[in-house]
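K.L.:
This structure is in C-alpha cells; I'll ask about it shortly.
All of the numbers you see were taken from the coordinates with simple rules; none came from a lab. Just so you know, these numbers come straight off a predicted model, no measurement behind them. Here Cβ is always computed from backbone atoms with ideal geometry, including for glycine, and neighbour counts include all displayed protein chains.
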C-alpha cells in the first residue's frame, strides 16, 4: 500500500512539534535560585516558554511545523529567546537527569504559576511521586501524518471507508508498535546513564545504565496504571477508570511513552478521532544545543513509517506489555554493553533501510551508517558517549561545560535570532521580542519578511518589521514619492529643500541658471543608498551639472534637483506621534592612538562583533578600498600612516552605515522643538511608523528660526536595528515599542 | 533691471487663474429654460462651477496654476465636467454677447443660489443695470508674478527696501499701464461685434463694432464711479467712497478693467499689499473651445511684462483716463476697419518683440507673426473673423454651430476628462466626479496618478484612483504577495487553489508527481497580465511541465504551481464591505450574422468608441494577429469565413480586456451568497477597496458547497473604468462611490 504511486507522493508529508524541558542553572551548574525570567511574559499559557514542574524547569515548546527544517528553526529561536531572557549568569542544564538537588526535598521550588489549579496539580504530583522524580526532563515529540497521505492510504484499500476511523486505526497501530519496539529508541538515544546527588534518596543503581529516565526508576506511573491501546474506546475508558480509582489525579498524569492526541481532553478523542501522537520517551541529547538532532527527528519519522508498515502481534495488549518489558531491560543495560536485542536491532535496521529504498524516501545518507556504527559499538550511542566523556571528569562537569558552550553561543551575536539569521535583522529582533512576549509568530513568507503575529484572537500581519496595519496605504505611497512628500510638507509650512523634478535631461539642462549659483543636489527620484547622487556645495559649472544629470538619469527616469541644505543629518524614528530615537550617522572613521597605523586601527575597529557584511550585523566592516584610499590621500595620509592620539580620520564622505559608518544614538541630546518638528511632519503625512531625516545646522538654534532645518525625506520602512544596536550611545528597543503599539493589550495586562 | 541675470532666470515665473462665464442654451441656441444641473453640487462656493448673474450663466473657474499648460488642462477638464453634467441637449453659448433674450426682462431668471445675500445682490444689480446688461459674459484673467521674480527685482534696485510695498508698486504700475494701453487688447481680441435680439431696448448701434462689451454700451459702472490707481490708499478710499455714496452697492460691483487683489476684501489690501491683478476686459473667443487661446494667455503674460518695463505717464489718474478714452474709440471701430492707433500698435509690437529677444523669453514663434497679420488685416482679428463668418448666415447661427461642435466633442469620449487624457482612465473618471462634487483636485504627480482632493478643510490623497488612506498598509502588502494572500484566506476557511511556491526550478521539477495528474496552473508569483502563465486542464507530462516552469521563471524568481479550478472567473469589486459591481470578462469574440466575414465583423466591433489602444479606452481593439488566426484555425475558420447568424466565435483563449475581451456587468445576476464570500474574504484581508477574483463553476449551486468556488487573487488597485464603462450591462460608477467613501460629508449635506 505504501509503495502505491498515489501514496508515495505524500509519504513524507507530516507535521511535527517538540516540547523540551531543561533546568536553569548557574554558571557552576547548580540549580538556579532565581525565579523564571521576568522579561518573558509570565503567562501560564505562553505559547513557547513555560515552566514545567519546578520554577527552574523551563519548558520550550515549538509550534507545529510541516518540515523538520522549520521545527529546528523554531527550536533554535526559542532557545535563543530563553537564553537571552535569563540573567546572563544562568544557563540551561543539557541532561535529562537534573543537576545536584537540594538536600531537603521541600527546597525544590514548585513552579510559581498564575493559575491556582496549575499549582495544585503540581503539588499533587509532588505528593504522589516526590519532588525529586518530577525534576527529570526530556523531550516530547509530537507527530502527525499528512492529511493527503491518510487520504491516499484510505483510497488505496477497501476495508475501511470512514476517514476518521481509518486515521485512528493507523495511529493505534503505530502507537502499539512504537510501544513494542521502543527499546530500539532507548538503545540508540537513551541518554540518562547516571543521576546526580540527591536524586535518589538511596542510590539503587550502582552502575551506569542507558536511560534511568526510561527505566522503572524513571518517570513512570505506578504499576497499577494499565491503559489499553487496543481501541480508542478502551484507551479512553481505561484512562477514565484510572482517574476514578484515584491512581491518576488527572488524565494528563498518564505517563505512557505514547499518548494519543486529538481535541482538548482525552474524551474528545471519541468525537475527533486521533489527530496525532505524542512520543514521550526521548531523553535530552546532551551533545545537541537543542536537545535533539536533526538526524534523530528524521529517524523518528522513518521509524514511525516503518511501524506503520510493520506487522504487529495478534494480542495488542500483550504486544504493548512485551514492549514495556523489553524496554525495561535495554534501559538498564550498561551504556557500553552490547544490547541483548542486537540481532533484532540489526533486522530492524535492515528492514528500515529496505523500506526507505523501496519507497524512494530521501533519507540522509549517514542515518543507517550511524545506526549500524552505534549498534556495533555501544560507546557511540548517546549514553555510551556521555558515560565515556564523564569518565575524564564527571557527568556534572561534562554537562556544565556543554551548557557553558551553548550559553556563550547564544550571547555571541545578541542581535541575531538563531534559526532565522537569513532574515533581515530588524525582523529577527521583532520576532525575538514577540516570542518573549508570548505572541505566536508564524512566517508567512520568509524571503519577503512577512510575519503573522497572534496574541489570543488578535492577529497582526507585519512585513519588514515595521510595515503594519497601523499605517494607511496612501501615506506610504506619499513617502515613496519624494516630490509628493516635499509638496505636501511644503504646503503645510515645513521647510523642505526647494527643487524641481525632471523627466528628461534637456529641460533639466535648460534650468541650469535656476540652480548653478547656489548649493544644490542632483538625485534620482526613487533610488536609495545614495546611488547616483551628486552634491554641489558651492554651485556648479555647466559641465559638472551635465555630468551629474547624466549620472542620475542612469538610475531613474525622474531626477530631482534640490537646494542643498547645510548642516548635520539626523534620523528621527517616530512611532505613533512620539520620537523614540534620534540617530546620527558618521562616515567610516578611525581615531588615532599615536601608535597604530590606519590599517591596524581599521582592523581593530572591524573586530567589533557588531560589524559584519551585507546587513547581517548592525554595523558594516570598514573597507580600505579605492574610495577610502583616495579620501586618505586628499588628507595627506597613506594606510600605513600613524595618526596622532585622539585624531579622528574620516575614510568616506558619505555617512551610510552600509559603507562602514558609525551609528550614534543622540536621542537625549536633541532639543524638543526639533522633535516636535519631526512628529508634526510625520503626522502631516498621516504616518504612524516613520523614519524622517532632518538636516539641522545648529541644534541650539530654535527650530522656528528661518531655515533652521530642512526635511530631506520620510521613510516608510525605516531600519530599526541600527537604533537597537548603535555603535555608540543608548540602545533603543524600537521593536518592542512596535509590538506594544500593535498589541496594546500587552501593556494593559 | 529685467535683463539682470538674477532677474532673467525668474521672468516667466507666474501664477494664472481664469474665470469664464457662458450661458447654457438648448440645441437651437436659445437660452436654456432648465435649472443649473443637479449633478453638480449646488453650492454657491463650488470651486469650479458656479452660476454668475443668471441661472443659465455658468461660471467656470480654474484653480491657480503655475504654468499656462496647467491652466488649459483645468479649463478643458472643467468644461468637460460642465458639459457632461448638463442635459445632453444643452450646450454652452460661445459668445460674450448673450443669445436672443426674452421679450420681458423679468423672464430672465436670476441665479437660484443657496445664500439669500447672494440672490439679493443680484437683484440689486438687476435694479441698477437691468437684467439684460448682466447677461453679457466674458473672461477674467488673474495674474501673479512669481515670488522669486519679485524678490530678484527687489534686490536689484535700492530705492525700495520693503518687499510688500515694492510688490504693490509693481502691480500698480502694471495696472495703470494696462488701463492705458488696453485698447491694444481690444483691437486684437475684442469679440463682441453685435448683440442679439432683445439685448438693447433700442438698438443704438447700427453697425457692428469690435467689442460692445468693452465699449460704453457694455458692462460698465455709471460714469460717476471714479477710482484712482495712483496709490493703494487712494484705490481703497475711492472704492469705499463710491459705496458710501451709493454709486456701488458693494465694492465687488466695481467693473474696472483691472482689479487689484489681495486678501478677502478690498480693505485687506492695506495689510496684505496687492497679491495679484484681475484683468476683466477679455471677451470670449468664440473660435476656442475654452473661450481663450493658449497664444492669448502667452500674449497677456508678455504684455504684462512689457507694461512692467514700459514707462508710464507722469499723472497717473490722467494716464488711466486717457486709456479709457482710447479704448472707447477702438471698441467702437468697425470690425473690418483699420484702427486709428495702427502706428502706436505697430510700435508696441516692435517693442514687445525686442523685449522678448533681449530677455531671451521663449515666446512661441507665431505670436508676433499673428499680431502683425491682424494689425495689417483687421478681418483676422477675432471681431473681424466673427463678423465675416456671420455674413454668410448670422452671428447667432455661427455661435450655434460652434456650440454644437464643442458639445459633440465633449460627449464623443465620455470616459475621458479633457486636459488629462494622458492619465489613467480610472483617475480621469475620479477627477471628473470630484470636480462635479465641488472637491478641489490638485495633481501632486501626474505620471504617478497622485491626486490631492480637498473639500473645505478635509484633505484626502489618492493614487491610481483607488489607493487611499482608507486602506491599511500591510493589507496591501498581503495582496501583493499571492502566497501570503492564499495562506491567510485558507487559514480563515476560504477555498483557494492548493499550491506551492518555488524559488528555483529544481525542487519544482522534483515535485512533478504532486501536480502531474490533476488540473493545475504554473505562474510567476508577482507578474500580472497573464504573462508567463501556463494552464494544464488535464494534467501534464514531464516535458510540458518543465517548459511551463522555464517560462514562468523567466518572469519572476518565485513561481507558484496551483491547483486549477474549473468554472468562470468573476471580478467582484468590494468597497467598505459591500459588493458594488461584479464583472465577467469574456475572451475577444464576434457574433456571426450570416452575411459578413470574420474580418468585417471584427472591424465593425472595433468601431465602438469604447475600443481603443493602450488602456486609453475602456475596451481594446480586437487584433487579428497570429494567436487569433491560430485560434480560428483550430475551430475550422479563416478570417474570410462568414459565420452563421447568431454564432459566437472566440478569437482568444484568455479573457483579458487588454487583448480585446468584452466586459459584462453581472452584478444583479450573481447570488448573494457569493457576494458574501467576496465581502468576507476581503474583510479577512483587512481591505476596504478591493477587486477580488472568484472562480465559480455554477452560480446556482450554494457557495457553501464543497469546492463551489475558488479565490484566485485579491487586487489592491482594481481597475474601476471597466465597471463604469462595460461592454454590456449596467454601468457602475465606482469612482463616485470611492469619493463618497472618502468624503462621507458629501452624503450628509
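K.L.:
Estimate the FRET efficiency between residue A:388 and residue A:89 by the formula 1/(1 + (r/R0)^6), using the beta-carbon distance for r and 30 Å for R0, to the nearest 0.05. Write out the running numbers ahead of the final one.
P.N.:
Numbers: r = 30 Å, r/R0 = 0.99.
Computed FRET efficiency for residue A:388 and residue A:89: 0.50.
K.L.:
Give me the distance in nm between label points sitting 7 Å out from Cα along the Cα-to-Cβ direction at residue A:614 and residue A:640, one decimal.
P.N.:
Result for the modelled spin labels: 3.4 nm.
K.L.:
Summarise the partner chain shielding of A:648-660 as one whole number: the mean count of Cβ atoms from other chains within 10 Å of each residue's Cβ. Write out the running numbers ahead of the final one.
P.N.:
Working: counts 0, 0, 0, 0, 0, 0, 0, 0, 0, 0, 0, 0, 0.
Mean shielding count: 0.
K.L.:
Here's another thing I want to ask about it. What shape does the range B:528-682 have by the C-alpha gyration tensor, where a ≥ b ≥ c are the square roots of the eigenvalues, rounded means a/c under 1.5, and otherwise prolate means a/b greater than b/c and oblate the rest?
P.N.:
Because a/c hits 1.5 or more and a/b fails to exceed b/c, the range B:528-682 counts as oblate.
K.L.:
Still on this structure, I have one more. Counting only DSSP beta bridges with both residues in chain B, what percent are antiparallel, rounded to the nearest 5?
P.N.:
Given both bridge residues lie in chain B, the antiparallel proportion sits at roughly 95 percent.
K.L.:
Another question about this same structure. Considering only C-alpha atoms, what is the centroid distance from the range B:246-292 to the range A:266-307, in Å?
P.N.:
87 Å
K.L.:
Something else: Of all the C-alpha pairs in the range A:498-563, what % are more than 21 Å from each other?
P.N.:
Above the 21 Å cut-off, the range A:498-563 has 9 percent of its Cα pairs.
K.L.:
I need the calculated FRET efficiency for the pair residue B:377 and residue B:204, taking r as the beta carbon distance and R₀ as 30 Å, to the nearest 0.05.
P.N.:
With R0 = 30 Å, the Cβ-Cβ based efficiency is 0.60.
K.L.:
Continuing with this model, one more query. Tell me the angle of helix A:366-376 to the major Cα principal axis of chain A, expressed in degrees between 0 and 90 and rounded to the nearest ten.
P.N.:
The two axes meet at around 40 degrees.
K.L.:
Of the peptides B:46-57, A:631-642, how do they stack up when ordered by the mean number of other Cβ atoms within 10 Å, highest first?
P.N.:
B:46-57, A:631-642
K.L.:
Right, here's the next one. State, to one decimal in nm and shortest first, how far the label point of residue A:161 sits from each corresponding label point in the other identical copies (label point: 7 angstrom along Cα-to-Cβ).
P.N.:
List, nearest first: 10.5 nm.
K.L.:
Treating the point 7 Å from Cα along Cα-beta-carbon as the label, what are the nm separations from residue A:556 to the other copies, to one decimal?
P.N.:
2.6
K.L.:
Between the range A:121-149 and the range B:434-488, what is the C-alpha centre distance in whole Å?
P.N.:
If you average the Cα positions of each part, the centres end up 54 Å apart.
K.L.:
How much FRET efficiency would the formula 1/(1 + (r/R0)^6) give for residue A:442 and residue A:270, where r is the Cβ-Cβ distance and R0 is 35 Å, rounded to 0.05?
P.N.:
0.70
K.L.:
So, in nm, how far is label residue A:604 from label residue B:216 when the simple model puts each one 7 Å beyond its Cα toward the Cβ?
P.N.:
For the pair residue A:604/residue B:216, the computed spacing is 9.7 nm.
K.L.:
How would you order B:473-479, B:735-741 from highest to lowest mean count of nearby Cβ atoms within 10 Å?
P.N.:
Packing order, densest peptide first, comes out as B:473-479, B:735-741.
K.L.:
Compute the relative contact order of chain B as a whole-number percentage, counting only Cα pairs closer than 8 Å that sit 6 or more residues apart in sequence.
P.N.:
12 percent
K.L.:
With a/c under 1.5 counting as rounded, go ahead and sort the range B:634-715 into rounded, prolate or oblate using the C-alpha gyration tensor (a ≥ b ≥ c being the square roots of the eigenvalues; past the cut-off, prolate if a/b is larger than b/c, else oblate).
P.N.:
Prolate, because a/c is 1.5 or more and a/b exceeds b/c.
K.L.:
What's the angle, to the nearest 10 degrees (0 to 90), between helix B:482-491's Cα axis and the longest principal axis of chain B?
P.N.:
60 degrees
K.L.:
From the Cα trace of the range A:198-275, what convex hull volume per residue do you get, rounded to a whole Å³?
P.N.:
Measuring per residue, one finds 123 Å³ for the Cα hull of the range A:198-275.
K.L.:
Once you average over the residues of B:465-473, how many Cβ atoms of partner chains fall within 10 Å of each Cβ?
P.N.:
For peptide B:465-473, the averaged partner shielding equals 6.
K.L.:
Next question, about the same structure. From the P(r) of the range A:8-84, could you give the percentage of C-alpha pairs in the tail past 19 Å?
P.N.:
Here the tail beyond 19 Å accounts for 42 percent of pairs.
K.L.:
Report the gain in length on full extension from residue B:546 to residue B:3: 0.36 nm times residue separation, minus Cα-Cα distance, nm rounded to one decimal.
P.N.:
Full extension from residue B:546 to residue B:3 adds 188.4 nm.
K.L.:
At 222 nm, what helix-only mean residue ellipticity would chain B give, in deg cm²/dmol to the nearest 500, using -39500 (n - 2.57) for each DSSP H run of four or more? Don't jump to the answer; show the numbers that get you there.
P.N.:
Values: 26 runs with 285 residues, N = 749.
It comes out at -11500 deg cm²/dmol, rounded to the nearest 500.
K.L.:
While we're looking at this one, here's another question. What does a probe at residue A:697 reach in the range A:540-575, counting residues whose amide N is under 20 Å from the point 7 Å along Cα→Cβ?
P.N.:
Label zone hits: A:540, A:562-571.
K.L.:
How would you rank B:189, A:255, going from fewest to most other Cβ atoms within 10 Å of each one's own Cβ?
P.N.:
A:255, B:189
K.L.:
Turning to a different aspect of this structure: Can you give me the C-alpha center-to-center distance between the range B:332-381 and the range A:71-109, rounded to a whole angstrom?
P.N.:
95 Å
K.L.:
Angle, helix A:294-309 long axis vs. longest principal axis of chain A, Cα atoms, 0 to 90°, nearest 10?
P.N.:
Helix A:294-309 sits at roughly 40 degrees to that axis.
K.L.:
Would you work out the Kirkwood radius for chain A? I mean one over the mean of 1/r across all pairs of different Cα atoms, in Å.
P.N.:
29.9 Å
K.L.:
Taking only the alpha carbons of the range B:321-438, what extent do you get along each of the three principal axes, in Å, biggest first?
P.N.:
Principal axes ranked by extent give 54, 45, 29 Å for the Cα atoms.
K.L.:
How far apart, in nm, are the 7 Å Cα→Cβ label points at residue B:672 and residue B:516?
P.N.:
So the label points at residue B:672 and residue B:516 sit 4.9 nm apart.
K.L.:
Arranged from highest to lowest average of other beta-carbon atoms within 10 Å per residue, in what order do the peptides B:91-104, A:238-251 appear?
P.N.:
My ranking of the peptides, most packed first, is B:91-104, A:238-251.
K.L.:
Now for a different question. If you put a point 7 Å past Cα along the Cβ direction, how far is that point for residue A:365 from the same point in each other copy, in nm, smallest first?
P.N.:
Taking the point 7 Å beyond Cα along Cα→Cβ, the inter-copy spacings are 7.8 nm.
K.L.:
Under the rule a/c < 1.5 gives rounded, and otherwise a/b versus b/c splits prolate from oblate, where does the range A:67-164 land using the Cα gyration tensor? Intermediate results must be reported in sequence, preceding the final value.
P.N.:
Details: a/c = 3.01, a/b = 1.80, b/c = 1.67.
Prolate shape, in that a/c is at least 1.5 and a/b is the bigger ratio.
K.L.:
Which value results when the Cα radius of gyration for the range B:85-134 is divided by 2.2 N^0.38 Å?
P.N.:
1.32
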